[in-house]
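Asks: Have a look at the structure that comes next, please.
Where a number appears in this text, it was derived from the coordinates with a stated rule and is not lab data. All values reported here derive from a predicted model rather than from experimental measurement. Cβ: placed from backbone, ideal geometry, glycine included. Neighbour counts: every protein chain shown.
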């Protein structure tokens, strides 16, 4: 049985002080939950959040990382730095990194490798645009992103990887994939994992859904057979609302 993972990606929101305020309200609301809870604040808030979360069951993640462990890379952040802040996870290939910052599939692959080498669990984000879906290219887009992103993944590392299906057309738009669309995509991804990485990896790797997840649709999405959790954007900024999403995760 794969443990459900409920992750909140804050994007470029909340200062370190605002992060502390959020945690003071949020943590009592999710005490004793059986799912895995992950908060992903912006870089400046990681160290402070890590200090607060150190004695709790809530995990900490980063929104990005650099491919190199150290060096003359002004503005970049390494896996070692993130781990020292208390991070267990790192997003790689989020659609905003791909489409706003121009990250290629190959760069995403290198970041995934850097995360694993640095002791982090990478969350590989994949998903199609509205134009690609309309053109019937959803599966070919996912095929490419998974094939390149997971290329060379050692079998022993499978348990440390998470895949998040985030249809680009549903991120921050208010549009949400229907449960049928989310399940179809998640099942296809699991089938790809089985064909390409083996049955064991397909059973171990968790597949999340992300894209306008809210308190009123989270429980239905979390109940889908091949959806092992959700990657939440804007709705994770409100402690009460995010706690309601966490409550919708099956044990």
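Asks: Tell me the Kirkwood radius of segment 5-247: reciprocal of the mean inverse pair distance over distinct alpha-carbon atoms, in Å. It would help to have the intermediate numbers written out before the result.
Replies: Values: mean 1/r = 0.0559 Å⁻¹.
It is 17.9 Å.
Asks: Taking square-rooted eigenvalues a ≥ b ≥ c of the alpha carbon gyration tensor, is segment 140-190 rounded, prolate or oblate, where a/c under 1.5 means rounded and, failing that, a/b exceeding b/c means prolate? Working shown, then result.
Replies: Working: a/c = 2.27, a/b = 2.08, b/c = 1.09.
Prolate.
Asks: Let me ask something else about it. For the chain, what does the relative contact order come out to in percent, with C-alpha contacts under 8 Å and a separation of six or more?
Replies: Relative CO of the chain lands at 22 percent.
Asks: Give me the distance between the Cα centres of segment 83-112 and segment 234-251, rounded to whole Å.
Replies: Going from one Cα centre to the other spans 24 Å.
Asks: If packing is taken as the average number of other Cβ atoms within 10 Å across a peptide's residues, how do 93-99, 193-199 rank, most packed first?
Replies: Put in order of decreasing packing, that is 93-99, 193-199.
Asks: Going by a ≥ b ≥ c, the root eigenvalues of the Cα gyration tensor, does segment 142-251 fall in the rounded group (a/c under 1.5), the prolate group (a/b larger than b/c) or the oblate group?
Replies: prolate
Asks: Which of the peptides 151-157, 70-76 is most tightly packed, and how do the rest follow, judged by the mean count of other Cβ atoms within 10 Å per residue?
Replies: Top of the packing list down: 151-157, 70-76.
Asks: Report the dimensions of segment 46-143 along its three principal axes from the alpha-carbon atoms, largest first, rounded to Å.
Replies: 47, 34, 21
Asks: Moving to a separate point now. In what order do 109, 244, 54 fall by count of nearby beta-carbon atoms within 10 Å, going from fewest to most?
Replies: Neighbour counts put them in this order, fewest first: 54, 244, 109.
Asks: Rounded, prolate or oblate, given the Cα gyration tensor of segment 1-71, with a/c below 1.5 counting as rounded?
Replies: Verdict is oblate for segment 1-71.
Asks: Moving on. By per-residue mean of other Cβ atoms within 10 Å, what is the highest-first order of 10-23, 115-128?
Replies: By packing density, highest mean first, the sequence is 115-128, 10-23.
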